[in-house]
Structures are given as structure tokens and as C-alpha cells.
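Notes follow the structure.
Every number here is computed from the coordinates shown, using simple stated rules; none is lab data. Everything numeric in this text was worked out from a predicted model, so none of it was measured. Neighbour counts run over all protein chains shown; Cβ positions are idealised from the backbone, glycine included.
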Amino acid sequence: MTDYDLIVVGAGPAGSTVAKTAAKAGYSVLMLEKKASCISPCAGYVGNTINTELPENCTVQSRITRMRTYFPDMTFHDFPLNGFVVDRPSFDMALAEEARNSGVDIRWDSPLTDLTPDGDGVMFRGGEASGKIIVGADGVFSKTASLLGLSRQDIAVCAQYHLKGIETLENTSEIFFNADYAPGAYAWIYPSGPDSAKVGLGITITSGSRSVHDYLDAFISESEVANRLGGEKTEYMTGALPVGGLRENFCIGNVMLVGDSAGMADPITGAGINNAILAGEVAGKTIVNALENDDLTLLARYERKVRRLLERPLTRSLEKRGWMDTLGTPNEVLQERLPELWVTFKEYWG
Ligand SMILES: Cc1cc2nc3c(=O)[nH]c(=O)nc-3n(C[C@H](O)[C@H](O)[C@H](O)COP(=O)(O)OP(=O)(O)OC[C@H]3O[C@@H](n4cnc5c(N)ncnc54)[C@H](O)[C@@H]3O)c2cc1C
């Protein structure tokens, strides 16, 4: 059994960031990925914040300078925004490549299957390895978290097409609130080029009787914007994201959870890439410090630091989510109270 300083489970943005940070400092790192390559379902919007530099070799599909948010009656509100739509597989693969170039040993097609009984090793398809520290960056349905006995998270389920040959708004991400199409969440159009876009929606799992696929097809063929969306449907995908906010604990002994596995996506917007990378950097630096000092009790600082950074905004968003779930968000309520529920309105922050 090979020994590593760090074993990271999951080669998404969180995992690659943690792995790269520790490997750059000279520590031995194994990263396990369940799939043969990175293919997380995503619209690919990455905010241009100080913590996120786009990796080289990542395909940028469009620049976003504005978010347009539609009320159910299709009146809208514009807000300046600064970010990119990326091709998500190329983004994740570029981050994984950076990790590999820093010395990370990546095993594709190697899902984690168990933690060793002594807690300092992992079993995965094709082998086992021991590590002083284990990071679960394995997404919303984290196997690492379930092996620790932690509960499943509340989720929104999402579906998305990449539509080609359609009418998009340049540099604009469009967000649609309408309970007929996206009960409990919203629909989106993220341009991926002059005449193509990722068009999708999320629903909270308890709402509605139709499937998420039915809702998306209805949005594309029946909604007020259907006349713009009549192009070719490609790349259908479904996925889920956590909407329950931060887990109660996400650093348990020598095991740390980072990104969606710890509930770091925003419960209202669903955005989780920036937070996954931010927390990945914090986790990586904390791990380096603990290894340098040969003191794993220092790992507990990770959870405290992340809470300082993310707890306030995620708690606010979680309150809004609770409010939305209680009211059921029929269109009359959304029409009147959307500004209190959506981040681009000043009322959200009041
Ligand atoms: C349809 C959809 C659209 C979205 N759009 C956006 C958006 O535009 N912008 C945004 O910021 N966020 C978006 N999100 C959320 C975003 O995708 C996540 O918050 C983000 O990917 C979290 O990163 P992560 O590294 O924590 O997890 P993930 O990106 O989910 O990575 C986890 C990795 O772990 C691997 N894995 C899982 N189980 C195992 C196992 N047992 N062993 C080994 N590996 C395993 C998975 O294969 C995956 O590669 C969207 C989500 C969905 C579902």
C-alpha cells in the first residue's frame, strides 16, 4: 500500500485546488476521481473574483457583464456582473492538469469505496492507499461524508441543454423566476457563443409532480422566451447541488470536506465553483501548515476560517431558501417579493 501525505477524493474544482496547493509545497498527494475525466454538469458561470483566476487551457465561451433577472410577468431587472461562461469539462480538466503538473498523482476511473478502519487510508476501485490526511471533495453526494456517517444533504435537481442556433443576449446571463417552469428555483440562459447557450433550470426536489426534464422542455417550448429557443438541443444533462447550507461539521479528525460535499454552494443561486476554489485554497494552506508542524490538530483551523468567509452569506441565503420553501413561491408571491429573494436586488441585502 502506497503512503501519501494527502489523499484527495474527487477531481472537481475543490479537489484539484486542495491537491495542487499541497503538492506545490512539496507534499505527496494522491487524487482519486470516480470518472474517466471531469464531466460535472454545469452552466459554467465563474465569477471574476480575486480568488479565481481562470486556468490556462480552459475554454472560455463568453464574457458576462450583466445579469438580467425576469419576474413571472417578464418585466426584468438588470445588474452589472463580471464573469465568464466556461466549458466546464475543460475548466475542471485544466485545474486537474495544474494539479498534475505540481506533482499530484491522479487516478482516473478510481472511485473511493471505503475508508480503512484505522481512518488513515482509503480503498478505491483498483487499490488502496494510506494518507495522513484525507479530503472529501467528492461533490453533493459525497461518498466520503456518507462513510463518516454524515447525513445526505438537501438538494435542488437541475437539467440543462446546450442549445445551438438560438437567439441569445450578448454578454448577458438571463435568470427567469416562474413557478410554472422552475418551482422553488429558477431557469437560466447562459450564452456560450453568439447563437448558442446553456439553457437549464433547477427545482427543489419536493416541488411539483413533473420531472425536471419535463419542466425544462416546457420552458423551452412554451414559455415567453420559447420563440428564441427553437434551435438544436444538444448535450442534455442532469445534476444536483446542495441547498442546505454548510454542514454542521466539515473537518472531522484527519478528514476534511471541501466544496459541495460540505454544502458550500449557495442555497439560492446554486453557484458553487468560486466557493469550492476558495475553500480548496484554505484547506490546502491549512494542510501544508499542519504537515509542516507535524500537528494534525491544526486542521481544525480550516473549518473556522471557512466559516469566517462563507457562513454569513450562506446563512442569509439559507434563510431566503427557507422562506421560499415555506411560501411555495407561487408566481403572485414571486412577482411581489422577488427583490427580497434574489441577490441582484438591494432588498435582498437589507
Ligand atoms: C446543472 C448545474 C449547473 C450549475 N451551474 C453552475 C454555475 O454556472 N456556476 C457555479 O458556480 N456553480 C454551478 N453549479 C454548481 C457547481 O457545479 C458546484 O457547486 C461545483 O462543481 C462544486 O465543486 P466541487 O469540486 O465541490 O464538486 P464537483 O464539481 O461536483 O466535483 C466532485 C468530483 O468528485 C467526483 N466523485 C464523486 N464521487 C466520487 C468517489 N466516490 N470517488 C472519487 N471521486 C468521486 C465526481 O466525479 C466529481 O468529479 C451547477 C450545478 C449544476 C448541477
- Note on the structure: Taking Lys and Arg as +1 and Asp and Glu as -1, residues besides residue 126 with C-beta under 11 Å from its C-beta add up to 0
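Rank the residues 172, 234 as a footprinting-exposure proxy: fewest other Cβ atoms within 10 Å of their Cβ go first.
By the 10 Å Cβ count, ascending: 234, 172.
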- Item | 0 to 90° range, to nearest 10: angle between helix 212-222 axis and the chain longest Cα axis | 30 degrees
- Message: Give me the one-decimal Kirkwood hydrodynamic radius in Å for region 138-238, with the sum taken over alpha-carbon pairs.
- Response: 14.5 Å
- Message: Under 37 °C and 0.692 mPa s, how fast does region 70-166 diffuse according to Stokes-Einstein, given a Kirkwood radius computed over C-alpha pairs? Answer in µm²/s, whole number.
- Response: 185 µm²/s
- Query: Along the charge dipole of region 136-221, which of 160, 148, 200 sits closest to the positive end, that is, farthest toward it, with unit charges on the beta carbon of Lys, Arg, Asp and Glu (+1, +1, -1, -1)?
  - Reply: 148
- Listed highest first by mean packing, meaning other Cβ atoms within 10 Å per residue, what order do 129-140, 158-169, 22-33 come in? 129-140, 22-33, 158-169
- Query: In terms of modelled amide H atoms, which long-range or inter-chain residues lie less than 5 Å from the amide H of residue 271?
  - Reply: 266
- Query: Convex hull over the Cα atoms of the chain, averaged projected area in nm²?
  - Reply: 16.6 nm²
- Enumerate the aspartates and glutamates that residue 164 could reach by cross-link, defined here as Cα to Cα under 19 Å, with residues fewer than 8 away along the same chain left out. 87, 174, 195, 217, 222, 224, 232, 235
- Normalised Cα Rg of region 1-52, dividing by 2.2 N^0.38 Å with N its residue count, works out at 1.33
- Non-local residues with an amide H under 5 Å from the amide H of residue 139, with H modelled 1.01 Å from N and Pro and chain starts lacking one, are 260, 261
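What ranking do 79-91, 271-283 get when scored by the average of other Cβ atoms within 10 Å per residue, highest first?
Descending mean neighbour count gives 271-283, 79-91.
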- Query: Among the listed pairs 34/132; 143/233; 20/305; 20/143; 143/198, which are separated by more than 25 Å between their Cα atoms?
  - Reply: 143/233; 143/198
